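The values are calculated or read from the model by the stated rules, or taken from the named source; none is laboratory data. A quick note: this is a predicted structure, and the numbers were derived from the prediction, not measured. Because the Cβ atoms are built from the backbone with ideal geometry, glycine has one as well, and the counts that use them run over all protein chains shown. The accessibility values were calculated without ligands, DNA or RNA, using every heavy atom of the protein model including side chains. Shrake-Rupley method; radii C 1.70, N 1.55, O 1.52, S 1.80 Å.
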Amino acid sequence: MSQDNPSGEQPEEVLDPSVAADLADALADVELEPEAEKSEAGEATVAEQLAERTEDLQRITAEYANYRRRTAQDRQAAIDNAKAQVLTALLPVLDDLDLAEKHGDLAEGPLKAFRDKFVSVTTGLKVEAFGAEGDAFDAERHEAVQDLSTGDEKAIGTVLRKGYQFNGRLLRTAMVIIADPQPSADAGAADSEA
């Protein structure tokens, strides 16, 4: 034990000043490296978060666009359903006006003007009549009351009530009597030449 140190502890060694400066620099480098790794990891985390947020934003934007498209379609479907219900309720009035015209009651006067306006409004709303005599019979669009046909091919012989459609949507089937198709003029000419 040394005489200078009465407590018996060993004295700290004194380092050469140049070695102490090198050691301090080395310790500073060692402490900075973990912080540098943290900052690089932090930058990667920020980039990952940015990519994640961008994906979330794109997904939410797509969901909102789909929602707007669906609600617009639902709104248009509701409007079309309401129009179809009103037009279906008005079809008997159109039938009565057609019967009055067939009987000659609409030759002139205010009822003719009303019928013309009513028909122009329904035509403007894209209501189309179908089921003319001679058309091919379609069980989905025509309601057969009687079948007078003898072959496999069926055509409309008599129309008892017109059918109507709105924007391609069936409002009411046509009530018809089925008959054999009439031979066309070309087929009749071919038969007479033979």
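When each of the peptides 136-143, 163-170 is scored by how many other beta carbons lie within 10 Å of its residues on average, the order from highest to lowest is 163-170, 136-143.
Tell me, what does the Kirkwood hydrodynamic radius of the range 82-194 come to in angstroms if you use every pair of distinct C-alpha atoms? Kindly include the intermediate steps, with their values, before the conclusion.
Details: mean 1/r = 0.0629 Å⁻¹.
Radius from the Kirkwood sum: 15.9 Å.
When the surface is traced with a 1.4 Å probe over the full set of protein chains, Ile60 keeps roughly 100 Å² accessible.
When only alpha carbons of the range 43-110 are considered, Rg and Dmax amount to 28.0, 89 Å.
Give the calculated FRET efficiency between Thr123 and Thr54 to the nearest 0.05, with a Förster radius of 41 Å applied to their Cβ-Cβ distance.
Numbers: r = 52 Å, r/R0 = 1.27.
Between Thr123 and Thr54 the formula returns 0.20.
Counting only protein heavy atoms and using a 1.4 Å probe, the accessible area of Lys126 comes to about 120 Å².
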